[in-house]
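Asks: Could you have a look at this structure, given as structure tokens, before my questions?
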Amino acid sequence: MDEFFILVVSTLDATIRVAAPLVLAALAGLYAERSGVIDIGLEGKMLAAAFAAAAASFVMDSAWAGLLAGVSISVILALIHGFACITHKGNQVVSGVAINILVAGLTVTLGIAWFAQGGQTPSLTNDARFSPLIWPGAQAVKDVPFIGGLYTEIISGHNLLAYVAYLAVPLTWWVVYRTRFGLRLRAVGENPAAVDTAGISVTALRYQAMICCGFLCGIAGTYLSTAQNAGFVKNMTAGQGFIALAAMIFGKWKPVPAMMACLLFGFLDAVANRIQGVSMPLVGEIPVQLIQALPYILTVILLAGFIGKAVAPKASGIPYVKER
Amino acid sequence: MSASSGNIPRWVDVGLIPLINILMAFFVSGLIILLIGEDPIEAVGILLYGAWGTDYGIGYTLYYTTNFVFTGLAVAVAFHAGLFNIGGEGQAYIGGLGVGLMLLAFDNSLPLILIVPISIMASALFGAAWAYIPAYLQAYRGSHIVITTIMFNFIASALMVYLLVNVLIQPGQMSPQSREFAETSWLPFMHEALAWFGISITRSPLNLSIFWALICCALVWAFIWRTRWGYEIRTVGFNETAAVYAGINPKKIIILAMCVSGGLAGFVGLNEILGVHHRLLLNFQLGYGFAGIAVALMGRNHPIGIIFASLLFGTLYQGGAELSFDMPKVTREMVEVVQGLVILFSGALALMIKPTVERIYAVITAVTSGRRSAVEG
């Protein structure tokens, strides 16, 4: 029982840590798509932010400088995406692909030029990272059965950015459903002509949404290189931007369900790492690759309409042209 | 297509504006090379010599070009139907799986003359099958093809890792690779083929699949512009509603276009598995599927354009690899940067300079016609 409890707690703890950047990136995608801009460049923005954050943290020896750099570069990339898709009505998917490929190359190129370590950044000391925050009393209640384990492992002991990720969920819910900006955001993704008729600038709204998107992706990338890891490694996002995109779709473009999807995908990841080579009762050994592919498979099944119906914002992917 | 294209002649629209877009991409690439402290002009010189200066370099350049032609054609065929196939990566991977499975089954029992057509069919079938599912879901269930093809890239990758680690791995080996195929089943390298005619060139991975790539260009041209299917594909891509009124079933056309597209991407497996590696291995397709998007955009979805764009990217790949020996700071990843910038400028920002060019052209025509009327007057 005790061993099993420790296993459960450590799995949940890992789930929360793995899901945090996914939550941030999924919310970032949510802002973009709710405004009518498809963003498959989440991956690229996260990767760029991860690199910038690690580089700035190392040079300035401060995690906050890293966060600033990460968020700035991600917002700039989001604005480039906006410039192409909103101002020049370019193809949103093409623009996203361009940003992903550009960043994948640029981070390594600059990494080699600046740090000469094969595309990595030097590893960060603890001052230059976001370290785990130990909540008051965590050590004291550690040995209390059940509640102690839950409190010390699952609630306490994560880094600041992880808490930011989970706080961003209710915040996003409030922004999207309870503010004037949120109402307009949802409207511009469904029917931009109506928003335009009401005298509100579609362009301005979509740019604002892209800034929100870039901001959140920036935190997600910073989390990867300065909180979860101690430095940048080539292609360290490894598809997490796409998993976040899948999670956003899986959560049907809503904040709380998107977070749940991220937690589910994070849980699958945590489980995959734990059952590698372990034979399960009844089914035998489950291939790790199957569990790793499950987020993608589940998303395809959802999109196919076999588990509920995923309906994207109506105007997403379509540039808005005033006066046809 | 757009209403304003009547203001400028065709050569400006299809020649000058794309050229300016690409030059802007190269200009920004040059700035980045300057930023990391190297000389861009010198880099271009080394790059061109590395790609075209020796027969060894040319061999590599054309070998890369072969892959780009396949994935470029794949993206282009889907584009003609108005579909964005960014699953070329996964389709190429699974196409290679098809070739590998055929070879593992028949390499010792069949002659090369049968191995080649079987491999071509296997790579096309497997690639097409991997594209069929997203196509079906788009046509009949309304799932967004961009998202599903992205998902299928990752699913393909997981599937291949599983198969190579657990099923197809050569017994007693640590690295996830299949056994090597019998040497009689290898597609001849170019240096071997030319040796039959007494011409001797340096060894390179270039093999006979480049001829298949050229044949595919001709076939795709004929398919898109000279067959009923191609006509229907272009009609659906241009206006799906009008296509329905013309009696075309867009659902069937979506599936047709995606299967052709997937099959073409699958041919990367032909070049890599049958032509070069002679065994199944991981990540042989890495990057070519995405590069196909840049190739198709630059080549304006036309086979001739795709050949030129593929040569350009082949040059960048091979020249970039050589460049990293002379300029350690400029690595293969710099090519990715150029690729990303090309997609950005000639894809996403394709329309950015058009209004400016139109305005300049209007001013020039006004000035010249004004001068002419002044002379006449």
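Asks: As an exercise: evaluate A:ALA78 against (1) within 11 Å of chain B (Cβ to nearest Cβ); (2) under 27 Å from B:PHE79 (Cβ atoms); (3) among the hydrophobic types (A, V, I, L, M, F, W, C) and give the number of the one condition it does not meet.
Replies: Result: A:ALA78 fails condition (1) only.
Asks: Against the definition (part of a helix (DSSP H, G or I) and crowded, with 20+ Cβ neighbours inside 10 Å), how does B:SER310 come out, yes or no?
Replies: Details: part of a helix (DSSP H, G or I): yes; crowded, with 20+ Cβ neighbours inside 10 Å: yes.
Yes.
Asks: Pull up the range A:102-140, narrow it to residues that are of a type in the set (Val, Ile, Thr) and open to solvent by less than 50 Å² (accessible area, probe 1.4 Å), then point me to the one that is farthest from the other protein chains (Cβ to nearest Cβ).
Replies: Here the answer is A:THR121.
Asks: Being open to solvent by 10 Å² or more (accessible area, probe 1.4 Å) and in contact (Cβ under 8 Å) with a residue 12 or more places away in the chain is the filter; apply it to the range B:135-153 and report the residue that is farthest from the other protein chains (Cβ to nearest Cβ). Reasoning before the result, please.
Replies: Of the range B:135-153, the ones open to solvent by 10 Å² or more (accessible area, probe 1.4 Å) are B:136-142, B:144, B:147, B:152-153.
Remaining after also requiring in contact (Cβ under 8 Å) with a residue 12 or more places away in the chain: B:136, B:138-140, B:152-153.
Details: B:TYR136: 9, B:GLN138: 9, B:ALA139: 11, B:TYR140: 9, B:PHE152: 7, B:ASN153: 8 Å.
The extreme case among them is B:ALA139.
Asks: May I ask you to say which residue of B:ILE293, B:ILE307 is of a type in the set (Val, Ile, Thr) and within 14 Å of another protein chain (Cβ to nearest Cβ)? It would help to see each step written out before you state the result.
Replies: Working: B:ILE307 fails: within 14 Å of another protein chain (Cβ to nearest Cβ).
It is B:ILE293.
Matching residues to (1) surrounded by fewer than 17 Cβ atoms within 10 Å (Cβ to Cβ); (2) farther than 20 Å from A:VAL108 by Cα; (3) in contact (Cβ under 8 Å) with a residue 24 or more places away in the chain:
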position: B:TYR49; (1), (2), (3): yes, yes, yes
position: B:GLY53; (1), (2), (3): yes, yes, no
position: B:GLY57; (1), (2), (3): no, yes, yes
position: B:ALA74; (1), (2), (3): no, yes, yes
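Asks: Given the conditions (1) open to solvent by 80 Å² or more (accessible area, probe 1.4 Å); (2) assigned to a helix (DSSP H, G or I); (3) at pLDDT below 80, and given that A:LEU171 satisfies all but one, which numbered condition is not satisfied?
Replies: (3)
Asks: Going by the conditions given, is B:ILE150 in a loop (DSSP other than H, G, I, E, B) and aliphatic (A, V, I, L, M)?
Replies: Working: in a loop (DSSP other than H, G, I, E, B): no; aliphatic (A, V, I, L, M): yes.
Judged against the criteria, B:ILE150 is not a match.
Asks: Residues in the range A:244-289 that are at pLDDT below 90, of a type outside the set (D, E, K, R) and within 30 Å of A:SER123 (Cα to Cα): how many?
Replies: 9
Asks: May I ask you to say which residue of A:ALA78, A:ALA84, A:ALA49 is over 13 Å from A:SER225 (Cβ atoms), at pLDDT 95 or above and part of a helix (DSSP H, G or I)?
Replies: Details: A:ALA84 fails: at pLDDT 95 or above; A:ALA49 fails: over 13 Å from A:SER225 (Cβ atoms).
Criteria check complete, one pass: A:ALA78.
Asks: Can you name the residue in the range B:317-338 that is more than 11 Å from chain A (Cβ to nearest Cβ) and within 17 Å of the chain's Cα centre (by Cα) and is also surrounded by the most Cβ atoms within 10 Å (Cβ to Cβ) among such residues? Before the answer, list the steps.
Replies: Taking the range B:317-338 and keeping what is more than 11 Å from chain A (Cβ to nearest Cβ), we get B:317-319, B:321-323, B:325-326.
From what's left, within 17 Å of the chain's Cα centre (by Cα): B:317-318.
Working: B:TYR317: 23, B:GLN318: 26.
So the residue we want is B:GLN318.
Asks: Okay, moving on. If a residue must be among the hydrophobic types (A, V, I, L, M, F, W, C), open to solvent by 40 Å² or more (accessible area, probe 1.4 Å) and within 18 Å of A:LEU24 (Cβ to Cβ), how many such residues does the range A:258-306 contain?
Replies: 4
Asks: Still on this structure: Check B:LEU349 against each of (1) open to solvent by less than 20 Å² (accessible area, probe 1.4 Å); (2) in contact with a Lys or Arg (Cβ under 7 Å, 6 or more places away or on another chain) and name the one condition it does not meet.
Replies: If we test B:LEU349 against (1) open to solvent by less than 20 Å² (accessible area, probe 1.4 Å); (2) in contact with a Lys or Arg (Cβ under 7 Å, 6 or more places away or on another chain), just (2) comes out false.
Asks: Does A:ILE249 satisfy being within 13 Å of another protein chain (Cβ to nearest Cβ), over 16 Å from A:PRO21 (Cβ atoms) and surrounded by 19 or more Cβ atoms within 10 Å (Cβ to Cβ)?
Replies: Taking the combined requirement at face value, the residue satisfies it.
Asks: Within the range B:114-134, restricting attention to residues that are under 30 Å from A:GLY305 (Cβ atoms) and open to solvent by 10 Å² or more (accessible area, probe 1.4 Å), which residue is farthest from the chain's Cα centre (by Cα)?
Replies: Within the range B:114-134, the first condition is being under 30 Å from A:GLY305 (Cβ atoms), and the residues that meet it are B:124-134.
Within this subset, residues satisfying the condition of being open to solvent by 10 Å² or more (accessible area, probe 1.4 Å) are B:124-126, B:128-130, B:132-133.
Numbers: B:ALA124: 15, B:LEU125: 18, B:PHE126: 18, B:ALA128: 16, B:ALA129: 19, B:TRP130: 17, B:TYR132: 19, B:ILE133: 21 Å.
Filtering the range B:114-134 for residues that are under 30 Å from A:GLY305 (Cβ atoms) and open to solvent by 10 Å² or more (accessible area, probe 1.4 Å), the one farthest from the chain's Cα centre (by Cα) comes out as B:ILE133.
Asks: Pick out the one residue from A:VAL94, A:VAL103 that is in contact with a helix residue (DSSP H, G or I) (Cβ under 8 Å, 6 or more places away or on another chain), of a type in the set (A, V, I, L, M), without any contact (Cβ under 8 Å) to a residue 12 or more places away in the chain and assigned to a helix (DSSP H, G or I). Walk me through how you get there before you give the answer.
Replies: Working: A:VAL103 fails: without any contact (Cβ under 8 Å) to a residue 12 or more places away in the chain.
Going through A:VAL94, A:VAL103 in turn, the sole match is A:VAL94.
Asks: Identify all residues within the range A:1-46 that are under 18 Å from the mean Cα position of the chain (by Cα), at pLDDT below 95 and of a type in the set (Val, Ile, Thr); write none if there are none.
Replies: Scanning the range A:1-46 gives A:THR15, A:ILE16, A:VAL18, A:VAL37, A:ILE38, A:ILE40.
For every residue, the table says whether it meets (1) touching a helix residue (DSSP H, G or I) at 6+ places or on another chain (Cβ under 8 Å); (2) more than 27 Å from B:GLU272 (Cα to Cα); (3) open to solvent by 30 Å² or more (accessible area, probe 1.4 Å); (4) assigned to a loop (DSSP other than H, G, I, E, B).
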position	(1), (2), (3), (4)
B:SER200	yes, no, yes, yes
B:PRO205	yes, no, no, yes
B:PHE211	no, no, yes, no
B:LEU219	no, no, yes, no
B:PHE223	yes, no, yes, no
B:LYS252	yes, yes, yes, no
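The values are calculated or read from the model by the stated rules, or taken from the named source; none is laboratory data. Since we're looking at a predicted model, the values are computed, not measured. Because the Cβ atoms are built from the backbone with ideal geometry, glycine has one as well, and the counts that use them run over all protein chains shown. Ligands, DNA and RNA are excluded from the accessible area calculation, which covers all protein heavy atoms including side chains. Shrake-Rupley method; radii C 1.70, N 1.55, O 1.52, S 1.80 Å.
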